[in-house]
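See structure below.
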Amino acid sequence: MNKVIMMGRIVNDLELKTTPSGVSVCKFRMAVDRNFQRKGEERKSDFFNVIAWRATAEFITRFFGKGRMILIEGEMQTSQYNDKNGNPATWYEIMVDNAYFTGEKANGGNGGYAPTDGPGYGEPPPERNSYSAPSGSTSAQSSASADFSAADKDDYPF
């Protein structure tokens, strides 16, 4: 299972770009504080490359910005390349499935957005027809429960 959940601050200005085929994309870096801090030392942070597609990218660029706290959910992907010296290297990137507000006073701390744009590298996979709507909409919930109840109860492993 490849699942990443992180909360941190956006460290660069956000820019919504569009691929030649018209798909929205947003790439940014995120600083995540480490839990452990040695006495007398500054708190350390780790920095992660993040990419969001379609409606998720549009949501993030509309409601977040440099320095804002964000919680993301997605998966880690890697790609291999050769650095400027010709040495093999690995690029790590988090593909965002869901993005949420974190409770900062500036935005009231509630809500989020959870589209089902699948993660991809380069050109994303085709867009799906359903999504998890923000804050209490029942349309996505009813379609999800309809899919769940369609299975025979004897097929469940529990």
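Multiplying the residue separation of T102 and V23 by 0.36 nm and subtracting their alpha-carbon distance yields 25.8 nm. Placing dummy labels 7 Å off each Cα toward the beta-carbon, the span from D83 to K3 is 3.4 nm. Length gained on full extension, R43 to E15, computed as 0.36 nm times the residue gap minus the Cα-Cα distance: 7.2 nm. Here the label points at R34 and W91, each 7 Å from Cα along the C-beta direction, are separated by 2.7 nm in the simple model. Heavy-atom accessible surface of R38, to the nearest 10 Å², is about 140 Å², with a 1.4 Å probe and all protein chains retained.
The values are calculated or read from the model by the stated rules, or taken from the named source; none is laboratory data. Quick caveat: nothing in here was measured; it's all calculated off a predicted structure. Cβ atoms come from the backbone with ideal geometry, glycine included; neighbour counts cover every protein chain shown. In case anyone asks, the SASA skips ligands and DNA or RNA and just uses the protein heavy atoms, side chains included. Shrake-Rupley method; radii C 1.70, N 1.55, O 1.52, S 1.80 Å.
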